[in-house]
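A short write-up of the structure that comes next.
Nothing in this text is a laboratory measurement; each read-out follows from the coordinates by a stated rule. All figures in this text were calculated on a predicted structure; none of them were measured in a lab. Reconstructed Cβ throughout: ideal geometry from the backbone, glycine too, with neighbour counts over all protein chains shown.
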Amino acid sequence: MKHYTSINDIDNINTWIEEAKALKTNPLKYTALGKNKTIGLLFFNSSLRTRLSTQKAALNLGMNPIVMNVSGDAWGIEFGDGTVMNGSTAEHIKEAAAVVSQYCDIIAVRAFPTLTDKVKDESEEVLNAFKKYASVPIVNMESATGHPLQGLTDAITISEHAKVAKPKVVLSWAPHIKALPHAVANSFVQAMQKMDVEFVIANPEGYNLNSEITGDTPILHNQNEAFKDADFVYTKNWSSYDDYGKILNTDPDWMITKEKLGTAKFMHCLPVRRNVIVEDAVLDTDSSLVIQQANNRTYAAQLVLKKILENLN
Ligand code: CP
């Protein structure tokens, strides 16, 4: 595998899940693979889990991680072709990506969407510019439209905790005070579509995700109906896709409660706003898998880096 920028880069999700589980049982088995190899983690946006778990994954493989908060610490990067750079940007991505490629064997990038310019966000300007101008493999640590390390993590976690051969999985929207991206939800949908699960999406009217991603997945606007017989409820807020980036609904009735959840397991990528997205009574009990999910971020990242390293060597 050259790059990992989308769930679509996974050729067989069941095989990948089993490989990730094997890494989890013996995380230091491949410490020689990454010896003398460097990964650069470039963050245009905040992170706790991605930043730490991807470093941990690299260290488990014997790699040297270098981390940079690009937005705060680097020169402002210009992405436009032919731009007269007499504004706030001081360095073009053509030079920046080429230079970082000399220091790093793999570059991982986090760059969130604007949520104001749909065309620009869907062009994946930052991620694709790194793919175009870097000479080393690129890993997506959450871009404008996808978070494939998270999606792989979630698939691993569901596989580990499933009690039946074909569990029912619900992706449920929940309210939030800020306009949030679609990336986590998109990658979760794509991951579930590759798995042998009964999968439905629950969201209010006006909050359907990109239909090119949801495809034939059933979308219900009645959360209680969607939750019937659910084994896993994966919860995430996202802003409107059709009325791009807008908050159309903050109805607290969509918050996840213990009563609604029943015997289903609760999942969320974190960070999560308590008693807005989900009540304490869910997070503070065995109903919640959020900590186990966060743990699996390391092994999802480690599997991705291992596959890229094997292709380098
Ligand atoms: N889930 C996730 O990506 O967490 P961070 O934003 O903290 O990296």
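Remarks
- Listed by Cβ neighbour count within 10 Å, with the fewest neighbours leading, Lys306, Lys94 appear as Lys94, Lys306.
- Mean-square fluctuations from a GNM of the chain, with a 10 angstrom spring cutoff on Cα atoms, peak among Met85, Met141, Met267 at Met85.
- Pairs of Cα atoms nearer than 8 Å and 6+ residues apart set the relative contact order; for the chain it is 20 percent.
- Cα gyration tensor category, rounded, prolate or oblate, for region 131-208 with a/c compared to 1.5: oblate
- Estimated vicinal HN-Hα couplings, Hz - region 135-148 in sequence order (Karplus 6.51, -1.76, 1.60; Gly, Pro = x): 9, 10, x, 10, 10, 8, 9, 3, 10, 4, 10, x, 9, x
- Local charge for Lys2 was computed over the other residues whose Cβ lies under 11 Å away, with Lys and Arg +1 and Asp and Glu -1, and equals +1.
- 3J(HN,Hα) along region 103-112, derived from phi through the Karplus expression 6.51 cos²θ - 1.76 cosθ + 1.60 where θ = phi - 60°, amounts to 9, 10, 8, 9, 10, 10, 10, 10, 8, 6 Hz, with x in place of Gly and Pro.
- Net charge of Cβ neighbours under 12 Å - reference His182; Lys, Arg +1; Asp, Glu -1: -3
- Projecting the Cα positions of Thr50, Gly215, Pro252 onto the charge dipole of the chain (unit charges on Cβ atoms of Lys, Arg, Asp and Glu, taken about the Cα centre) puts Thr50 furthest along the positive direction.
- With a cut-off of 14 Å on the backbone N, the residues of region 288-313 near the modelled label site 7 Å out from Asn36 along Cα-Cβ are 313.
- Per-residue Cβ neighbour counts within 10 Å put His147, His176 in the sequence His176, His147, beginning with the fewest.
- Pairwise label distance in nanometres, Ile177 with Glu259, each label 7 Å out on the Cα-Cβ vector: 2.5 nm
- The H on the amide N of Phe199, modeled in the peptide plane, is under 5 Å from the matching H of Val169, each at least 5 residues off or on a different chain.
- Sequentially through region 293-309, phi angles give Karplus couplings (6.51, -1.76, 1.60; θ = phi - 60°) of 4, 4, 4, 6, 4, 4, 7, 5, 5, 5, 5, 4, 5, 4, 5, 5, 4 Hz, Gly and Pro residues having no value and appearing as x.
- What the pair-distance distribution of region 13-120 shows, using all Cα-Cα distances binned every 10 Å from zero, is 12, 34, 32, 17, 5, 0 percent.
- Cβ-based net charge around Phe227, under 10 Å, with every Lys or Arg adding one and every Asp or Glu removing one: +1
- Nonlocal amide H pairs with Ile256, under 5 Å, H built at 1.01 Å: Val278, Glu279
- In terms of surrounding Cβ atoms within a 10 Å radius of their Cβ, Leu171, Leu48 rank from fewest to most as Leu48, Leu171.
- Under 5 Å, built H, 5+ apart or other chain: amide partners of Ile66: Ile39, Gly40, Leu41
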